[in-house]
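Notes for the one structure printed next.
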Amino acid sequence: GAGLFIGFKSVKYKPQILKFLVSSPAYRYFILKNTARKTTANYRSDLKEVTCPADYLAIASFGQSNASNKVRREGGPITIDDGKTFMWDWTSGKCYPYSEPVVGTDGIGGNILTDTLIQLRTTHSENLLIIAFARGGSSVFDWSHVKLSIRLDTVLQRLEKHAIEPKIFFWHQGESDSIPEIYLPWKVNAYGQVKGSVSHFYEMALSLI
């Protein structure tokens with residue numbers, strides 16, 4: 001379980017270990033159940049399900065921090081109440097009018113995507129369907145190796161199952177990878193290597209996402 005995953009962080013990652021974990025049905029089930037339980041829809045009692053729009057522009061958002069409802073807003077959470085902006089919860093397949101905190105991710109604050117959508121509304125009048133699945137405090141290496149790579153695979157599979165094809169993917173990443181001496185060592189070992197520039201390993205990780 002989680003203890004197993006944390007335990008591996010204390011030693012050098014080996015590609016064969018990562019491959020085993022990702023392919024293990026039991027591990028994949030545990031990770032998905034654990035992460036889905038912590039998403040926004042599970043603690044928002046004000047959500048009112050609506051019928052998903054038939055025609056729309058689908059936009060997916062993932063990464064970390066401000067994409068996972070960590071934006072601090074003095075005026076409180078923002079709601080886009082125009083009848084044309086919706087959010088789709090990847091954990092349940094349900095649609096809701098767009099409002100913060102956005103479903104599908106974690107956090108209880110605002111979302112950086114909201115500001116983008118407000119600007120987008122000045123030029124686009126069509127329905128917008130938002131699919132958010134960011135994870136606070138995550139690293140690009142979490143998305144490329146084990147844990148959140150399982151989440152990413154699952155979201156993409158569920159989008160295909162529901163015939164939702166995002167035309168735009170927003171990626172917000174940075175803080176958890178900003179201090180290499182703290183964050184990088186165990187991530188670099190995920191490749192079974194110890195030499196190379198920071199950007200080199202980030203590029204390798206990004207190529208797997």
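Of the residues making up the stretch 64-84, those that are in contact (Cβ under 8 Å) with a residue 24 or more places away in the chain and part of a loop (DSSP other than H, G, I, E, B) are Gln64, Asn69, Lys70, Arg72, Arg73, Pro77, Ile78, Ile80, Asp82, Lys84. Among the residues of the stretch 70-93, those that are modelled with pLDDT of 95 or more and open to solvent by 70 Å² or more (accessible area, probe 1.4 Å) comprise Thr79, Lys84. Of the residues making up the stretch 124-148, those that are more than 20 Å from Thr114 (Cα to Cα) and within 10 Å of the chain's Cα centre (by Cα) are Ser138, Trp143, Leu148.
Across the stretch 44-63, the qualifying residues are those that are part of a loop (DSSP other than H, G, I, E, B) and touching a residue at least 60 places away in the same chain (Cβ under 8 Å), and the one among them that is nearest to His124 (Cα to Cα) is Tyr56.
The values are calculated or read from the model by the stated rules, or taken from the named source; none is laboratory data. All values reported here derive from a predicted model rather than from experimental measurement. Using ideal geometry, Cβ is built from the backbone for each residue, glycine included, and neighbour counts are taken over all protein chains shown. Just the protein is used for accessible areas: all its heavy atoms, side chains included, with ligands, DNA and RNA removed. Shrake-Rupley method; radii C 1.70, N 1.55, O 1.52, S 1.80 Å.
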